Structures are given as structure tokens and as C-alpha cells.
Amino acid sequence: MSKRQLNEPTRIVRRKKKRRIRKRIYILLPIVIVFVGILTYASYLYLKADSIFSSAYEDDGREKSDLREIPVDPTKDNVSVLIMGIDSSEKRGESKNSRTDTLMVATLNKKENSIKLLSIPRDSLVYIPEVGYETKINHAHAFGGTRGTINTVENLLDIPIDYYVKVNFDAFIDVVDAVGGITVDVPYELKEQNSKDKAGAIHLLPGKQHLDGEEALALARTRKKDNDIMRGERQQEIMKAIIAKGASVHGIMNIDDVIEAVGGNLTTNMKFGEMKSFITYGTSGKSLDIETLTLKGTDYQPGRTYYYKLDELALGETKHTLQAHLDIVNDSTLTETQTTSGETTY
């Protein structure tokens, strides 16, 4: 047998091995390309988010709330966030004397993976520390800006406000549009002005429907056919719809647009590293419980100005509920609160 004949089986084996290797390369190559692409895009998003949110950071002059003994660490502590929707936009102009059109307090409990979202009616009659007398809570920002609003809310609820997020109309519209709009139930037919103050520009009919940013803002702002409590409940439902849509596949795929939407229209005392810690509430593997709360009260008009006078007993129950959620008090001492308007699990 010749030498060539002896080596033939070896060459065949080598060719087969080479073909197998090439097949593996062809199979692995697309996976590697996709992995590298995802890694590159993730790095781009991270750097972009870092840049935008870092520019949104504003030092409010507090190392911590006066109601905290030590600064909080959101990676392990239960914390609170004050959400301020400011009655301003690029069209209206930015002003330190703007009033808050929306005021919410969110408390976040790490162990329970839960959020309690309290809506504070804008006409609530409360004590404003900056001026030393009672008036509508939405005036607190006009009198004392961010710090004045924080002091007023802390005084009202007896809980520390650890962080705040302040957004204007433009940010709200852009975020809703960035997640592809939201589906909510419109309670009645309404005609509202848009963010450019054009009267009757938004016309919505009653029923469950898909809304874009301008339409969602009109629904959040209107109060022509109901009161501040119902308005607050609508805003809570809109907020939950945005959270749900943002956590969906569509929302995640459009995270770049969401980051872009927030840029330039948001102010916060949260640093980027602290913001990242809140992602765990949606990615921990546990269901996220969002409970909405309202403040009971009655219409009050001692003169020409209308106020919403808070019920002191219900207010006390709400204080205890939020304190317990933050682990400031033992919730075994609580009675069942009458302020809960609903609970949603995502």
C-alpha cells in the first residue's frame, strides 16, 4: 500500500474536522455579533443616561432630610420620592415662581418590593413654613421653590422626603410618546387646551382608549367636570399606565427615546448611581405592588377663595401608613386606613 493511500483516511478525517469547525464558526458568528451589538448599545445607553441624568442633578443643599438621623442608601433603605409636576413648559417659559400642577409622594419599600403613591390635591389647605400661614399647597413652590415644597410636604405628612423629581409639561408629553402612548379609561367627554395653551385643541370621548402625550396631559390636567380628588386618582392611573408601559417589552426597546425625553425637562437631587438602584423594583423577579392613596377632605370656601380642607383623622391614618411603609413606625399599631383608593400588581 502506498504512502498516499495510508494518509488518505487521515486527510478525510481532517477535512471533516475542518467542516465541523467551519459550521461552528458560522453558527457562533451571528451570536457573537448580536452579543457585541447588545453590549455596545447597552454601553451607549449607559453613557447617555449618565450624561443626561447627571446634568439633571441639582444639589438642594441637604445632605439628608431633617427628619432622618443619617443619610439614606436607596440600595438597601426604604426611601421616599416627592414628584412635582410644574405648571411650566418651553412655551410658557420656566419660572421659579411656577406652581405645582401635580404633587405626589411615593414611598418605596425594598423588602416588600412595593410602592405607595399618594396624590396631594393642589387646593389642599396646609401650613406653608416659608410664609408662616395656611394656604393652598400648590403655592409652596411659588413661595419657596423646591426646598419650600419639600418643607411643606414634610410638615404635612410627618415623613422625610429623601428625594425629589421635578418635571414640566414637556417631559410628561415626551415620556408618554416615548413609550408609545398609554391606554387608560377616559371618564367623560372633554375638550381641553394643549400644552401650547390652544383652547379646545384636545377632544376626548369617554371610554378606554390609547392616548398620546398631549392627550394624556389633557386628561391629567382637566377638572372641569369633577374635583381635585378625582383628578388626583386620574393622575395616579396615568402614572401607573406609564410605569406598566415603560416596563413592557415595547418600553424597554424604546428606552433610548425615554432617556432623550427626560433630558432637559427634569430636575432631581438624585445622582445617577442612586437612580440605578430603583431599577431593582422592576427587575427583582418579584411582582411590583403599587398602592394608590388619596387624602380625604371637604370643600371649604370661607371667602372668595376655594380650598380643600383635609380631614384630620384620615390624614393621621395616611401619615401612619406611609411611616410604616418606610419602617419609621411599627405597622402593628395601625388601624385599617380609609384612604386607599386601589391597588395594582405588575
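Kindly indicate whether residue 206 is out of contact with any Gly (no Cβ under 7 Å at 6 or more places or on another chain) and touching a residue at least 60 places away in the same chain (Cβ under 8 Å).
Numbers: out of contact with any Gly (no Cβ under 7 Å at 6 or more places or on another chain): yes; touching a residue at least 60 places away in the same chain (Cβ under 8 Å): no.
No, not satisfied.
Quick check: is even one residue across segment 201-212 among the β-branched types (Val, Ile, Thr), under 17 Å from residue 119 (Cβ atoms) and touching a helix residue (DSSP H, G or I) at 6+ places or on another chain (Cβ under 9 Å)?
No, that holds for no residue.
In segment 176-190, what residues are among the β-branched types (Val, Ile, Thr) and free of Cβ contacts under 8 Å to residues at least 40 places away in the same chain?
Residue satisfying the conditions is 186 alone.
Does any residue in segment 262-291 that is more than 20 Å from residue 175 (Cα to Cα) and crowded, with 16+ Cβ neighbours inside 10 Å come within less than 6 Å, Cβ to Cβ, of a residue that is modelled with pLDDT under 70 and acidic (Asp, Glu) six or more places away or on a different chain, and which pairs are these?
Within 6 Å, the pairs are 291/343.
For segment 58-67, does any single residue satisfy the condition of being hydrophobic (A, V, I, L, M, F, W, C), at pLDDT 55 or above, surrounded by 12 or more Cβ atoms within 10 Å (Cβ to Cβ) and not in a helix (DSSP H, G or I)? Working first, answer last.
Of the residues in segment 58-67, the ones hydrophobic (A, V, I, L, M, F, W, C) are 67.
In the following step, the residues that additionally are at pLDDT 55 or above were identified as 67.
Now narrow it down to the ones that are surrounded by 12 or more Cβ atoms within 10 Å (Cβ to Cβ): 67.
Next cut, not in a helix (DSSP H, G or I) only: 67.
Yes - at least one qualifying residue is present in segment 58-67.
Among 115, 150, which is the only one that is touching a Lys or Arg at 6+ places or on another chain (Cβ under 9 Å) and not acidic (Asp, Glu)? Talk me through it step by step, then tell me what you get.
Working: 115 fails: touching a Lys or Arg at 6+ places or on another chain (Cβ under 9 Å).
Checking each option against the conditions leaves just 150.
The values are calculated or read from the model by the stated rules, or taken from the named source; none is laboratory data. This is a predicted model, so every value here is computed, not measured. Using ideal geometry, Cβ is built from the backbone for each residue, glycine included, and neighbour counts are taken over all protein chains shown.
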